[in-house]
Amino acid sequence: MAVRKKASGNRKYSKAAGRSVESAMRRKKRGTLRSGPGGKGGKIKSRQQAIAIGLSEARKKGAKVPRKATGRKSSSRKSSGRKSSK
């Protein structure tokens, strides 16, 4: 049985967003990627921070990028398992 690939129509990130992240990773490798407004901040050393900067730049350009994950709590909470004693 052949394994089918997932349809490309269900992409989470657009190709433009991927290119933006690739560009940020290259700049990190060269040592020219900087944080802060106008690139006046410190040099980026973290891979995750470089990815975040690339996605942020893609968002500003209008590329399809999912919303940032915020500290949303789910409504279905599990009980702690304790029973109140009377």
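The values are calculated or read from the model by the stated rules, or taken from the named source; none is laboratory data. Keep in mind the model is a prediction, meaning the values are calculated, not measured. Here Cβ is always computed from backbone atoms with ideal geometry, including for glycine, and neighbour counts include all displayed protein chains.
Tallying residues that are assigned to a helix (DSSP H, G or I), of a type in the set (K, R) and free of Cβ contacts under 8 Å to residues at least 12 places away in the same chain within the stretch 28-58 yields 2. Could you tell me whether any residue of the stretch 73-86 is at pLDDT 90 or above and not hydroxyl-bearing (S, T, Y)? No.
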